[in-house]
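To keep things clear, I will list the structure first and then write my remarks on it.
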Amino acid sequence: MDMFYVAVELRQRPELRGKPVVVGGDGKRGVVAAASYEARRYGVFSAMPSVRARRLCPDAIFLPGDMDLYVQVSSQVFDIFRDFTPLVEGLSLDEAFLDVSGAQRLLGDGVVIAEAIRKRVLDEVGLVCSVGVAASKFVAKLASKTAKPIADHVSVRPGRGVVQIESGKEREFIHGLDVEALWGVGPATLAKLQSVSIKTVAELAVIDLQILKHLLGDAHAVHLHQLANGIDHREVEPNSDSKSIGHEETFSNDIFDSETVRRHLVRMSDLVARRCRDEGLAPRTCTVKIKYSDFVSITRSNTSATPILSAQAMMQMVEGLLVDIEMSRGVRLVGISTRNFAAPEAQLSLFDEGTHSQDATSLDEVWAPATAAIDDIRERFGDDAIGLASTLHSKRRPGSSKWGPEE
């Protein structure tokens, strides 16, 4: 999807079309989540600190974002994808791989299907997407990038929309790219490659593999060497469950006391637990993430013997993880995430006989009726209709922007 978060916002605010629009946190610790192509002309891109984005583009219009809306719109888009093929592998809300090899006899070749998908997404959802067509996932992803609109110091120009890399021409296509275009080439790997004068994919493709292994390690070297030569045998993996569900927030001012951190974790646990229930997933592992004022991050995890469903059980799992967190350093970011999912087990009623030890599972059982009632109230009357008492004095809503606070 092209500038997905921004594009969704522009559907509701068409008067902002053609202007430098940024979705993300607008405060001193905010982060850019997405930027319109007009903002990208000034060098503004996702993951950039909002302060820097402001310096590059003083006229940028910041919008706080609405993740619930983006999830809803993403679901509409993915429903269209699945009308063309059941083999859909989502990478994120706005990106997916589709294996259409089995649909070509009925629907046409890859380019025909790509154009049809673009038309339906535009007609039914009002958004634009760019499509890469190739025999492998890696090359298709790179092709989709070359299909996107072009933003430079001159203007914003429409992209090609669909780019096909024919079988047998993969190396010709990728060898003209800079080496950082490859999956797995981040800043640290890039610095190592540049230390031996490798700047392009073509240069990486011909380097002696043993030299590369000595530089990067065996597994990483083989992975990059294969990609540089257009080799990617991975299949599209449809309907893969979420690998992690979580939420994190950056704060305008550092936090120095554990009770405030705990209060925010209670609120985030409520949000994350509900998302897990909405997806029909029950996690066994919960992880707390803390980022200090010096940008050093730590994580602490706890795993339950059985899956959990309620925010109360989730907090019970992470409560003990806060003990060794050094608050005197100043906490700028707090987050909680879940993984190791299973299907939810049947929860005992509040009135079931028997006694249970006070572990996360038994707490889940006790809270099961209340959790179901809370979900029903929110479904009928909105998320703000009911909340945890301990969060009443918080100025943040349950789903506060993950991209940083406004001032």
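Bear in mind these aren't lab numbers, they're just calculated from the coordinates by the rules spelled out. Treat the numbers as computed from the prediction; the structure is a model and nothing was measured. With ideal geometry, Cβ positions are generated from the backbone for all residues, glycine too; neighbour counts draw on all protein chains shown.
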Checklist entry - For the chain, what does -39500 (n - 2.57) per DSSP helix run (n ≥ 4), summed and divided by total residues, give at 222 nm, in deg cm²/dmol to the nearest 500? => result -11500 deg cm²/dmol
Item to check | Distance in nm between pseudo-label sites at Val156 and His220 (7 Å out along the Cβ direction from Cα) | outcome: 3.6 nm
Checklist outcome for this item: Scoring only Lys, Arg, Asp and Glu (+1, +1, -1, -1) among other residues with Cβ under 12 Å from the Cβ of Phe256 yields -2
Next on the checklist: Counting only other residues whose beta carbon sits under 14 Å from that of Arg17, what net charge do I get with K and R as +1, D and E as -1?
Outcome noted: -1
Checklist entry - Ranked highest first by the average count of other Cβ atoms within 10 Å around their residues, in what order do 209-218, 81-90, 332-341 fall? => result 332-341, 81-90, 209-218
Checklist outcome for this item: Residue separation between Leu209 and Arg171 times 0.36 nm, minus their alpha-carbon distance, gives in nm 11.9 nm
Checklist entry - Cβ under 11 Å from Leu182's Cβ, Leu182 left aside: what net charge do those residues give with Lys, Arg +1 and Asp, Glu -1? => result -2
Checklist entry - For region 4-65, what relative contact order do you get, as a whole percent, if you take Cα pairs closer than 8 Å and at least 6 residues apart? => result 36 percent
Checklist entry - Which FRET efficiency value, to the nearest 0.05, is calculated for Lys119 and Ala305 with the Förster distance at 56 angstrom and r the Cβ-Cβ distance? => result 0.65
Item to check | Extended-chain gain in nm, criterion 0.36 nm per residue less alpha-carbon gap, Val323 and Ser293 | outcome: 8.9 nm
Checklist entry - According to a simple spin-label model (label point 7 Å from Cα along Cα-to-Cβ), what is the distance in nm between Asp79 and Lys28? => result 4.5 nm
Checklist outcome for this item: Assertion target for Ile308, Ile325, Ile165, ordered by fewest C-beta neighbours within 10 angstrom first, is Ile325, Ile165, Ile308
